[in-house]
Amino acid sequence: MEHTVFVPGLWWIAPFAAMLVAIAVLPLAAPAFWASNLRKLGLSVALSLPVLVLYARVRPEALAHTAADYASFIALLGSLFVISGGIVVTGDIEARPSVNAAFLAVGAVLASFIGTTGASILLIRPLLSTNQERRHVAHTVVFFIFMVANVGGCLTPLGDPPLFLGYLRGVPFTWTLRLAPHWLFVNALLLAIYYFWDRREHARELPADVARDRTRIRPLHVSGKRNLVLLAVVVASVAALPTPLREIALVAAAVTCLAVTPSSIREANKFTFHAIAEVAALFAGIFLTMVPALDILHARGADLGLTRPWHFFWASGLLSSFLDNAPTYLTFLAVAQSLGLPPEVAGVSHEVLAAISTGAVFMGANTYIGNGPNFMVRAIAEERGVRMPTFGGYMLYSGAVLIPCFVLVTLVFFR
């Protein structure tokens, strides 16, 4: 049966919706249950099985395409995760506002090239070590989540999962460089706000703590530098190689990293495969259950009333604040493709795709559950004794800082 003929009934959105609700609710409502990756995989299997049976009967080619996309997605995230876990930055330099701002700026750049997860893993521990003599640190970690774990990742498909899914759906690799003005605008705003905020917090530190910070200096040191070459291999593979050569190169880079990296480096990073196994388990369900949802949106997306770029920016962004931003991106891309817009890129206009892309990437910072690295960064900070805001407390930060920035983005880029 042709793809344009078969449109599943609306009730086939239910497995996808249940998958997203589970990801948003269960980590908070049932943390003990959610801790097991096997249980996550069981949830994915249970919710995706009806979709698998339906599409195996009516449109098996869609399942083959989904399987290929999933393999590419996991190969990229897995290779970035493994290789960045083989690089460790240690040291303790003076925690002046300018130094902390430099950490955030470097992280915002790295996020687009080694992924928001990779940049977060690489930099959060040296940032915490640098600030260990200070008492007022939580705001620094919050801004780290804003910039390094989210906003910084929009310049390449390597930066954040939704952009890589867009690349798999036909968005050229270099197209995301069009988002450089948006990236620069928001990161510059956040960096300026952070700098003046941290100056105020630094002035509140006890003189004894400031003096101790100035004397306990250990230069920053990077171990595992050879893995920087492997990161370059990942970038080149994604940019230049077709599938399946791309996936073979990504897996080979990750295997090479595991073979040549001393175990002491991974131990220093507290590296485990738990996080990437969680991603693999959950996205198996997401990729399968979203197939009928995307088909329905392709056929009926115009009924949602989204027509302007700013509509897509806020719709994709607000949903990404509470649900995973990768399927959210594909959902609104499907809606946009159904509107008959000028097919400038991936069947939509440049401006609408920019709105969907920046909304999904930027607004993942609005909550702890908006993007995978957010909770990870929070957990590492709390392990190091930083008293982080609660879920609601974090949203007070994002409401006060991020939402005004996103209003300005709307006025400047998407009116």
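The values are calculated or read from the model by the stated rules, or taken from the named source; none is laboratory data. Note that the structure is predicted; figures quoted are calculated from it, not measured. Glycine also receives a Cβ, built like all others from the backbone with ideal geometry; neighbour counts cover every protein chain displayed. For the accessible areas, the whole protein counts, side chains as well, though only heavy atoms, and no ligand, DNA or RNA atoms are used. Shrake-Rupley method; radii C 1.70, N 1.55, O 1.52, S 1.80 Å.
A search for C-beta distances below 8 Å between a residue of the range 183-198 that is within 15 Å of Ala400 (Cβ to Cβ) and any residue that is among the small types (Gly, Ala, Ser) and part of a helix (DSSP H, G or I), counting only pairs 6+ apart in sequence or on different chains, returns Tyr194/Ala101. Does the range 53-70 contain any residue that is open to solvent by less than 40 Å² (accessible area, probe 1.4 Å), in a helix (DSSP H, G or I), farther than 15 Å from Leu282 by Cβ and in contact with a Pro (Cβ under 8 Å, 6 or more places away or on another chain)? Among the residues of the range 53-70, at least one is open to solvent by less than 40 Å² (accessible area, probe 1.4 Å), in a helix (DSSP H, G or I), farther than 15 Å from Leu282 by Cβ and in contact with a Pro (Cβ under 8 Å, 6 or more places away or on another chain), which makes the answer yes. What are the pairs, 6+ residues apart or on separate chains, where a residue within the range 272-299 that is at negative phi and among the charged types (D, E, K, R) has its Cβ under 7 Å from a residue that is open to solvent by less than 40 Å² (accessible area, probe 1.4 Å) and modelled with pLDDT of 85 or more? Filtered contacts from the range 272-299: Glu278/Asn37; Glu278/Lys40; Asp295/Pro8.
Please indicate, with yes or no, whether at least one residue in the range 309-323 is within 29 Å of Val58 (Cα to Cα) and at pLDDT 90 or above. Taking every residue of the range 309-323 in turn, none turns out to be within 29 Å of Val58 (Cα to Cα) and at pLDDT 90 or above. Taken together, the criteria place Thr156 among residues that are under 22 Å from Ala71 (Cβ atoms), touching a residue at least 12 places away in the same chain (Cβ under 8 Å) and not in a helix (DSSP H, G or I).
Residues in the range 401-415 that are part of a helix (DSSP H, G or I) and open to solvent by 70 Å² or more (accessible area, probe 1.4 Å): Leu408, Leu411, Val412. Counted as qualifying within the range 246-358 are the helices (runs of 4 or more DSSP H) with 2 or more residues that are open to solvent by 60 Å² or more (accessible area, probe 1.4 Å) and not β-branched (Val, Ile, Thr), namely 263-268, 274-300, 309-322. Just one of Phe146, Phe103 is buried (at least 20 other Cβ atoms within 10 Å of the Cβ), touching a residue at least 60 places away in the same chain (Cβ under 8 Å), aromatic (Phe, Trp, Tyr) and on the phi < 0 side of the Ramachandran plot; which is it? Just one listed residue meets the conditions, Phe146.
When Gly166 is tested against (1) more than 15 Å from the chain's Cα centre (by Cα); (2) of a type in the set (Gly, Ala, Ser); (3) farther than 16 Å from Asn100 by Cα, exactly one condition is not met: (1). Working only within the range 87-119, note down all residues that are hydroxyl-bearing (Ser, Thr, Tyr) and within 16 Å of Pro161 (Cα to Cα). Ser112, Thr116, Thr117 - these are the residues of the range 87-119 that are hydroxyl-bearing (Ser, Thr, Tyr) and within 16 Å of Pro161 (Cα to Cα).
The residue list Ser84, Ser48, Ser36, Ser98 contains one member that is surrounded by 20 or more Cβ atoms within 10 Å (Cβ to Cβ), out of contact with any Lys or Arg (no Cβ under 7 Å at 6 or more places or on another chain), at pLDDT 90 or above and hydroxyl-bearing (Ser, Thr, Tyr), which is Ser48.
Highlighted here are the helices (runs of 4 or more DSSP H) found entirely within the range 161-242 that include at least 2 residues which are open to solvent by less than 40 Å² (accessible area, probe 1.4 Å) and either in contact with a Phe, Trp or Tyr (Cβ under 7 Å, 6 or more places away or on another chain) or under 30 Å from Leu330 (Cα atoms) (or both): 161-168, 180-203, 226-240.
What are the pairs, 6+ residues apart or on separate chains, where a residue within the range 217-239 that is farther than 29 Å from Asp92 by Cβ and without any contact (Cβ under 8 Å) to a residue 40 or more places away in the chain has its Cβ under 8 Å from a residue that is surrounded by 13 or more Cβ atoms within 10 Å (Cβ to Cβ) and aliphatic (A, V, I, L, M)? The qualifying pairs are Val233/Ala249; Val233/Ala253; Ser237/Ala249; Ser237/Leu250; Ser237/Ala253.
For Trp12, the conditions (1) touching a Pro at 6+ places or on another chain (Cβ under 7 Å); (2) assigned to a loop (DSSP other than H, G, I, E, B) all hold with the exception of (2).
For the range 235-279, a residue qualifies if it is modelled with pLDDT of 85 or more and in contact with a strand residue (DSSP E or B) (Cβ under 6 Å, 6 or more places away or on another chain), and exactly one does: Ile265. The C-beta contact set for the range 16-30 (first residue outside any helix (DSSP H, G or I), second residue at pLDDT below 85 and open to solvent by 40 Å² or more (accessible area, probe 1.4 Å), distance under 9 angstrom, 6+ apart or interchain) is empty. Cβ-Cβ distances below 6 Å connect the following pairs, each with a first residue in the range 200-211 that is at pLDDT below 85, a second residue that is open to solvent by less than 70 Å² (accessible area, probe 1.4 Å), and a separation of six or more residues or different chains: Asp209/Glu133.
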